[in-house]
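The values are calculated or read from the model by the stated rules, or taken from the named source; none is laboratory data. Treat the numbers as computed from the prediction; the structure is a model and nothing was measured. Note that each Cβ is placed from the backbone with ideal geometry, even for glycine, and that neighbours are counted across all protein chains shown.
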Amino acid sequence: MKKRLPLIITAIFALWILGALMPRRDPEYAFGAFGRLPVVFNGRLQPLDSLARNSLTRIREKDTANLEPTKAWYERPKIISATEWLLTLMTRPEAADGWKVFRVDHPELKAMLKLPEPNPAAGEDGKHYAWNQFGETGLKQIEESARNIQETKKDSSLRNAFDNATLGLYEAMTLYLRLKNTVHPQDTVRFAAEIADYQKAIPAGVKAFQQRMTGSDAFDTNALTEVFGHAERYFVTLRGEPPLLIPPANGGDSFAWQRMGEALLEPSFGAPLLKHLMRVPKAELPPEAVAEGIRTAGTRPLSPAVGHWAAMADAFRASQVAGFNTAVASYQTYLESLRLGKALTKSAREQLYNGFAPFSKAASLYIVAFLFGCGFWFNFAEWSRKTSLHLVQLAFVVHTLGLIARMWLEGRPPVTNLYSSAIFIGWGAVGLGLILESFWKNAIGLAVATVIGFSTQIVAHNLALGGDTMVMLQAVLDTNFWLATHVVIVTLGYAATYVAGFLAILYVVLGFFTKVMTADMGKSLSRMVYGILCFATLFSFVGTVLGGIWADQSWGRFWGWDPKENGALIIVLWNALILHARWGGMVRERGIMNLAIFGNIVTSWSWFGTNLLGVGLHSYGFMSGAFTALMVFVGSQCVLIALGLIPQANWRSFSATASGVAKAPAASAA
Amino acid sequence: MLSKVFQFLSSLRLTVVLLGLGVAVVFFGTLGQTSDGLYVAQERYFRSWFAYWTPHGSAFPVVPLPGGYLLGTMLVINLIVAHFTRFKWTWSKSGIFLTHIGIILLLLGQLATDMLARESIMSFREGDTRNYSESSMDFELAVLRSAGSNTLDQVVAIPAVRLKPGAELRHELLPFAIRVKEAYENARIRLRAPVMDSNRPPAATQGVGARIVIDEQPPTRTMDARNVPAAVIEISGPSSLGTWAISGELKPQTVTVEGTEWRLEYRPVRDYKPFALTLLKTTHETYPGTDIPKNFQSRVRLRNTESHEDREVDIYMNSPLRYGGYTFFQYQMGKEQLADGGRGTSALQVVRNPSWVTPYLGCILVGVGLLVQFLMHLTKFIARRKPRAA
Amino acid sequence: MRFTVVTVVSALAWMAAGCGKDEVRVYQAPQDAAPVAAADARGVTPQDASVSPASGSASSRSATAEASASERPAVPWTVPAGWEEKPASGMRVASYGVKRPDGRSADISVVAMGGGAGGELENVNRWRDQIGLEPATEADLAGLRSIIPAGNRQVVVYELDGKKAVLDGKYAARTLAAILPAGEMTVFFKITGENALVAEQKPQFLAWLKSVDTGGGTGGSAEPAPEASSAAPAAPVSGTASAAPAGSTASSGSVAGGGTDGLPNWQVPSGWKAAGPKPMRLASFEIPDAAGNGDVSISKLNGDGGGLLANVNRWRGQVGLAPLETSALAANSTALTTAGGDSGTWVELKGADKTILGAIVARDGVSWFFKMTAPSSVAVQNREAFEKFVRSVRF
């Protein structure tokens, strides 16, 4: 039985993961099918499901909406999916405005906006607030303070927690408003009927418009006014830059998609004139654009997609389940008739990927595997290690699948931004841990794999709170060759340095606090650290140098002392230092361990710290949360180094008695 | 005694100390960029022999550091001496040997780049032709005179650093002396308002200087702004010809000295090329519905009258034009003009770096060396473990 | 061998420390294109629009240089064909002339003056006087002026058609004049001359105005006229389809909308009407009154705007009071603190028939001027409202 236990446990977890891939049925409204519909936002094509999740995460820090935040989980609060929330916000904003989806934590900010304190009786949890609760004055206040902060504290490192909370809320509100006006102006009641009226008014209106613009006095003022009455509303929706909802009628890539407002206005004004009108404020129009606009006005029909969206919106607003589901299905059929290439497949797969959530699943597996790994040390049961090993292998497969899925969706190498670098560092560390485990079989590789695998997921999760993790790359990064070589290799170098650092931490922690560590184990740990450091030096050096070559190719400067470049250089120098110190006999086992722990600080600074400086090409602006986290991490590493500096005679493992009790069970595990 | 010195110079202990100091210099040099800006920090920490880091707001230098030059030199000496004294050549050390040669090459290459590489900017509007690029940092006072032929000017270019208050500048080609009255590292020019500026006299007595005032500005250190220097100079031939205001913001002014017209122009240092580029078309694309730039592209026409070359080239991100020892990289692009249907503008970064190949060689050597060493370790390790595992 | 390498390395490194950067260079270079083009070329790197591909952020290394290129006093415009350059003299920044063989001529001038340069009415009446027209009243101004877009600005243009034969006793004159606020200055562009000739030159004059490169300007003093930048769809039909309610929909939660106008916040007393754009002014209000309207203006100048005394004395001059000495300033002004906590100077200047109430607030190197000009009786009635208004200012 004990022999099969590891496999059985692993199989159970594998089933749990497969279960997440099964398609779910919607009992009422076809939210699944709706969430699969493609939309262009942040410059990329994505399913509405992604737009909904990323937006809700940005606003609420979770990708589901809890409509009864005061209820505890066992009281079964009403929780709706991001897609349902988005659909409601777009088509029934008056309902969505009453839902408490804005997360506000900063006490001063709450006080400024006069937001209610926690009061379960009144449904207030003191953390989540509804759009309506901000009120007209609250909105103005937020906007004013945000503007004020942006102007007076241009340098983001000057901003304090309150400033960042204010700006964060302001951005969340802006996003909320953009989404609200995606399908139609937010005060629309019956969209289909409105469009019908508008369509009817177009021919006469366009004629009057052309006459007016060509200087004729005899034009139909009423017809013009009618069209402009509509146009004014649609322009307002455009100004907020909502997502691009309308696919090009004759196929094509994401560049040809339009916002609802554009699709509605183009038939009246013609594309060239519309392009200029959209850039406000612009008093003077180029005469060519006007002429071209007059010529093309009224020549294009309204896109059929507009009608489909109106049908979906009206049906959902009227709570017609069947009507809504039919409308979604018929829009889906219409989309399939367009030559959209991979767009629909991509959209569907991304929805599947979102639902699967491979990285958070892997993270859960890493925790379980870590516990089994610890079990091995404290009672030395091989089945415990085996279980841990299989679980890590399973998690590694899921982790890898997630990476591959991202690569397919983005059409990019695995690392494109800070978020994916966290995912990839975790992946690399788990891979190295598995390799170490295959040689030593003492659960140390597993401990490293699970701890780093899980911690990097935490980091990634926090980075994902900023919104979409698959945003498009700026022109300079738009090169798969260098992303695949420089970025991947240097990130593996980071991963290896962390692995060495965590091996060293294990050495200190297990040695100081427990009796698990034996001289033998210490020796094997030290060899692991040495081997991994060689690997880290190789990868960080080659990666850094490739970065230099990329820089030379891109802007003619091999080395520009950019903070991120410097960070990578520091890692190379530090690793080289450890290796040379070892070769020169200047440090022994414990010394290398301490140096390797310091390597964690060096790597974290290069990975995150340099981005926080707010200068250079890799600057992402100052993130105060990240800064605090970095400081806490650095502090913890310093404590570990201090422990490592205590003579080994005082350690529990290496004290005089320790050598003979290698097999003794450690009942008093810390 | 000498052997002691060599022992020290070749010791691994020195290597470790140097590497540690290297980490410190790079770290503080990076921190320094936040207050000093990239360029100044580079000069202070990396292109220097000694440096010190001062925390923001502190008046005292707190952390003394060796500069980049000192560290680099010491590392090179350490490596070379070590190889001639301590190292015994064996095959098992071939990787380390290669790595060290590569590192020496990288260090020397960086030094050569520091000295020899020149960066400048060529910016133009669609339709414009340029046969020179301009420094993005340094200015010069160009004193020009038509040089006989109709197309060539004779230029005497005085670097801005020479224009210090009180300096008197003479040159054999100039029939007059230039006395510097005032000099500003960064200043802005504006028309003098007779009503409002009643308490401020005009900047100079002659030329446009008689109608302007110079407002001194604090020198900027950031990457996205540059200093525009200004100065007030007195021109004196046989007799004084009055004072003139010169500034990077002013157009050329004409001074007549004994019947000859001279033009004064305070401008970014120019580097003339034996060929010319014409900007034909600029392309600026963003991702749909965003401001994220997707592509910048400049189509230029390259003409070299000597070699009778005349061709069109596209320059865009990650795809520079290499010609005549120069490399032209897409640097900036004016988005607004283009969007308004006007003439697009483009700025190309022009780099001349004769030593550009050394880092490539160095990298290959180090990469191969490390790989060899790493693989040797790995195979040895696996070979040793196998019998035990079996 | 080993020594040579070491020596070479250190020698190279030493050289790097400072080589040849401050040498005077002599070279021959092809001539630049026409001077105007040269200036143009340097101004190409656009200040706020350029996007560095490396960082993706709107930044330009030469931002400072380019942003201020607009203030380059050398002519930032294209001179129309047929205009002959004349030496600039006196107040003139530039001067051109057009001559016809039959002796008819027109004179074109550009004059830059600090501040409001005496107010619009005063200037218009001076020009009217020059061509033999009766002075106009403030109420007439609106009918006389037209606003045309030039570059990124709105320019106020007056066309004055003189009937009397004032030129050489045989020709009637005509004047076209444009007022363009540029930073702290007001620039006047004017063509005046024989009536028919000026009428004939009008297109050239307007084209010339449009060619004036005013750049981004320094202060917020030259915002585009509000009515011209209102909601886009209204633009092509402005004045016709007034049913399109420009900007009326902004009330539906405008967190994301709008752009900053650089103005402080304040509370406008009831009864004041926002008035149209005026040169040098950031905002204007009108206080309607049967006894003569009151005029409230808000403007700002960089620095101390010429000094407190100079400004107070300028205002004193406008209501016919004698200038003060420095020593008398304190006795004739009081301190005032706004709601935003900024302190300023408050003056009340009662003239024979007009009264000026004003406050000058210096803040962050900028002087803000709040001024009410009104017939004395109106000023008394509105004194409290104006003071409340000034005190409500928050930057």
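Check C:V378, C:V361, C:V296, C:V347 and return the single one that is assigned to a strand (DSSP E or B) and either over 18 Å from C:W266 (Cβ atoms) or not assigned by TED's automatic domain parsing to the domain that holds C:W272 (or both).
Numbers: C:V378 fails: assigned to a strand (DSSP E or B); C:V361 fails: either over 18 Å from C:W266 (Cβ atoms) or not assigned by TED's automatic domain parsing to the domain that holds C:W272 (or both); C:V296 fails: either over 18 Å from C:W266 (Cβ atoms) or not assigned by TED's automatic domain parsing to the domain that holds C:W272 (or both).
None of the other options fit; the residue is C:V347.
The set of residues from segment A:41-68 being farther than 15 Å from A:R103 by Cα and either within 14 Å of chain B (Cβ to nearest Cβ) or touching a Ser or Thr at 6+ places or on another chain (Cβ under 7 Å) (or both) comprises A:F41, A:N42, A:G43, A:R44, A:L45, A:Q46, A:P47, A:L48, A:D49, A:L51, A:A52.
If you go through segment A:77-133 and keep only what is assigned to a helix (DSSP H, G or I), under 23 Å from the mean Cα position of the chain (by Cα) and acidic (D, E), you end up with just A:E84. With a requirement of 2 or more residues that are over 23 Å from A:G560 (Cβ atoms), the helices (runs of 4 or more DSSP H) lying completely within segment B:19-138 that satisfy it span B:68-85, B:94-116. Checking each residue of segment C:264-287 against the condition of being modelled with pLDDT of 70 or more and more than 23 Å from C:A339 (Cβ to Cβ) gives at least one match. Does A:R159 satisfy the condition of being under 24 Å from A:G466 (Cβ atoms), of a type outside the set (S, T, N, Q) and within 14 Å of chain C (Cβ to nearest Cβ)? Answer is no for this residue. Residue under question is A:I571, and the condition is that it be surrounded by fewer than 23 Cβ atoms within 10 Å (Cβ to Cβ) and either in a helix (DSSP H, G or I) or of a type outside the set (D, E) (or both); does it hold? Judged against the criteria, A:I571 is not a match. Checking B:Y52 against (1) closer than 22 Å to B:T358 by Cβ; (2) away from chain C (no Cβ under 11 Å), which test does it fail? All conditions pass for B:Y52, except number (1). Hey, any hits in segment A:429-443 for a residue that's in contact (Cβ under 8 Å) with a residue 24 or more places away in the chain, touching a Pro at 6+ places or on another chain (Cβ under 9 Å) and of a type in the set (S, T, N, Q)? No: segment A:429-443 contains no residue that is in contact (Cβ under 8 Å) with a residue 24 or more places away in the chain, touching a Pro at 6+ places or on another chain (Cβ under 9 Å) and of a type in the set (S, T, N, Q).
Residue-level check: of (1) more than 23 Å from the chain's Cα centre (by Cα); (2) of a type outside the set (S, T, Y); (3) farther than 29 Å from B:M376 by Cβ, B:L71 misses just (1).
For segment A:477-518, filtered to residues that are polar (S, T, N, Q) and over 28 Å from the mean Cα position of the chain (by Cα), the residue that is surrounded by the most Cβ atoms within 10 Å (Cβ to Cβ) is A:T518. Taking segment B:94-142 as the range and being more than 9 Å from chain C (Cβ to nearest Cβ), of a type in the set (D, E, K, R) and either more than 30 Å from B:T73 (Cα to Cα) or free of Cβ contacts under 8 Å to residues at least 12 places away in the same chain (or both) as the test, only B:E126 passes.
For segment B:234-254, a residue qualifies if it is under 23 Å from B:E134 (Cα atoms) and either in contact with a His (Cβ under 8 Å, 6 or more places away or on another chain) or part of a strand (DSSP E or B) (or both), and the qualifying residues are B:A245, B:I246, B:S247, B:Q253, B:T254. Within segment C:101-129, which residues are at pLDDT below 80 and either among the β-branched types (V, I, T) or farther than 22 Å from C:R314 by Cβ (or both)? Correct list: C:P101, C:D102, C:G103, C:V111.
Name the single residue, out of those in segment B:255-288 being in a loop (DSSP other than H, G, I, E, B) and out of contact with any Pro (no Cβ under 7 Å at 6 or more places or on another chain), that is farthest from the other protein chains (Cβ to nearest Cβ). First the steps, then the outcome.
Let us first name the residues in segment B:255-288 that are in a loop (DSSP other than H, G, I, E, B), namely B:258-259, B:287-288.
When the remaining residues are screened for being out of contact with any Pro (no Cβ under 7 Å at 6 or more places or on another chain), the result is B:259, B:287-288.
Values: B:G259: 20, B:Y287: 3, B:P288: 5 Å.
Applying the filter and picking the extreme gives B:G259.
Within segment B:317-344, the set of residues being assigned to a loop (DSSP other than H, G, I, E, B) and modelled with pLDDT of 85 or more comprises B:P320, B:G324, B:G325. Of all the listed residues (A:L18, A:L51), the sole one being more than 20 Å from the chain's Cα centre (by Cα) and either part of a helix (DSSP H, G or I) or in contact (Cβ under 8 Å) with a residue 24 or more places away in the chain (or both) is A:L18. Taking the criterion of being of a type outside the set (K, R) and either modelled with pLDDT of 85 or more or outside the structural domain of A:L169 (by TED's automatic domain parsing) (or both), the residues of segment A:127-137 that qualify are A:H128, A:Y129, A:A130, A:W131, A:N132, A:Q133, A:F134. Residue count for segment B:212-234 satisfying the condition of being buried (at least 21 other Cβ atoms within 10 Å of the Cβ) and either modelled with pLDDT of 80 or more or closer than 18 Å to B:R162 by Cα (or both): 9. Of the numbered criteria (1) in contact with a strand residue (DSSP E or B) (Cβ under 9 Å, 6 or more places away or on another chain); (2) within 15 Å of B:T15 (Cα to Cα), the one B:V63 fails is (2).
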